[in-house]
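A short write-up of the structure that comes next.
The values are calculated or read from the model by the stated rules, or taken from the named source; none is laboratory data. Please read these numbers as outputs of a predicted model, since none were measured by experiment. Here the Cβ positions follow ideal geometry from the backbone for every residue, glycine too, while neighbour counts run over all protein chains shown.
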Amino acid sequence: MQQRLMNPLASQQLNGIGQGQPGYMDLPFDYVFTITLQGNQVLNQQMQAIHTDSAFLWRGLVFASTGIFTVRFSDSQGYYLSDGQVDSANLSNDGSSPYIIFPEVPLPPGGRIGIDVTDLSGQANRIQLVFKGVKRFTL
C-alpha cells in the first residue's frame, strides 16, 4: 500500500480530506512581526496580536534577519512551544519552504503569539518573522 503524504500548510480540502470543518471557512493569512535589536539585546514578552475578526491557525514560520538570533514562542494562554530559545539556524529563512508548525497552533480571536528573542550577532539586527496560517471564519 502506498502512503500518502500530507502538506500541513494546505487546507484539508487541498489535501483531499473531506470538506474541511463544517460551518467554517479558512482563508490563507500571514502575520508579519518586525523588530530591530541592538547587539546582544534580549527582549522577552513581545507579542504578535491576532485580529479580533477570526481565529488564526498557525501552520508555518519563515524569517529574514541581518544576523543570528534565538527565539521562543508561546500561545495565547502563555504556554511555551519549546523548553528554551531556538537558534535561528534551526528555522527556515526560505519563503518557499517554511518551518512547519505541526500540528497547527489554534489562536483565538484577539489572542496573541508571545515572542522572546535574543540577538547573538553582537550588532544591530533587524528580524522579520512571518507567521503563516489561515484565518478561520464562522459561516
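Checking every residue in segment 92-106 against the condition of being among the polar types (S, T, N, Q) and modelled with pLDDT of 95 or more gives zero matches.
So is Phe102 surrounded by 20 or more Cβ atoms within 10 Å (Cβ to Cβ), part of a strand (DSSP E or B) and either in contact (Cβ under 8 Å) with a residue 40 or more places away in the chain or not basic (Lys, Arg) (or both) or not? The answer is no for Phe102. In summary, Asp53 fulfils each of the numbered conditions (1) assigned to a loop (DSSP other than H, G, I, E, B); (2) within 14 Å of Phe33 (Cα to Cα) with the single exception of condition (2). You will find that of Leu27, Leu57, Leu5, Leu14, the residue that is under 22 Å from Gly110 (Cβ atoms) and either basic (Lys, Arg) or at pLDDT below 95 (or both) is Leu27 and no other.
The combined condition, being out of contact with any Asp or Glu (no Cβ under 6 Å at 6 or more places or on another chain), at pLDDT 95 or above, part of a strand (DSSP E or B) and not aromatic (Phe, Trp, Tyr), is fulfilled by Gly114. Take Asn44 and tell me if it is over 17 Å from Tyr31 (Cα atoms), out of contact with any helix residue (DSSP H, G or I) (no Cβ under 9 Å at 6 or more places or on another chain), touching a residue at least 40 places away in the same chain (Cβ under 8 Å) and among the polar types (S, T, N, Q). Yes: the conditions hold for Asn44. The single residue among Leu120, Leu61, Leu43, Leu139 that is within 22 Å of Leu9 (Cβ to Cβ) and of a type in the set (A, V, I, L, M, F, W, C) turns out to be Leu61.
Remark: pairs (first residue in segment 60-89, farther than 26 Å from Lys135 by Cβ and surrounded by 16 or more Cβ atoms within 10 Å (Cβ to Cβ); second residue at pLDDT 95 or above and of a type in the set (Phe, Trp, Tyr); Cβ separation under 7 Å; 6+ apart in sequence or on different chains) = Ser88/Phe63; Ser88/Phe69. Among the residues of segment 113-139, none is identified as within 15 Å of the chain's Cα centre (by Cα), basic (Lys, Arg) and surrounded by fewer than 17 Cβ atoms within 10 Å (Cβ to Cβ).
Taking segment 83-94, which residues are in a loop (DSSP other than H, G, I, E, B) and either closer than 16 Å to Gln48 by Cβ or over 13 Å from the mean Cα position of the chain (by Cα) (or both)? Hits for segment 83-94 are Asp83, Gly84, Gln85, Leu91, Asp94.
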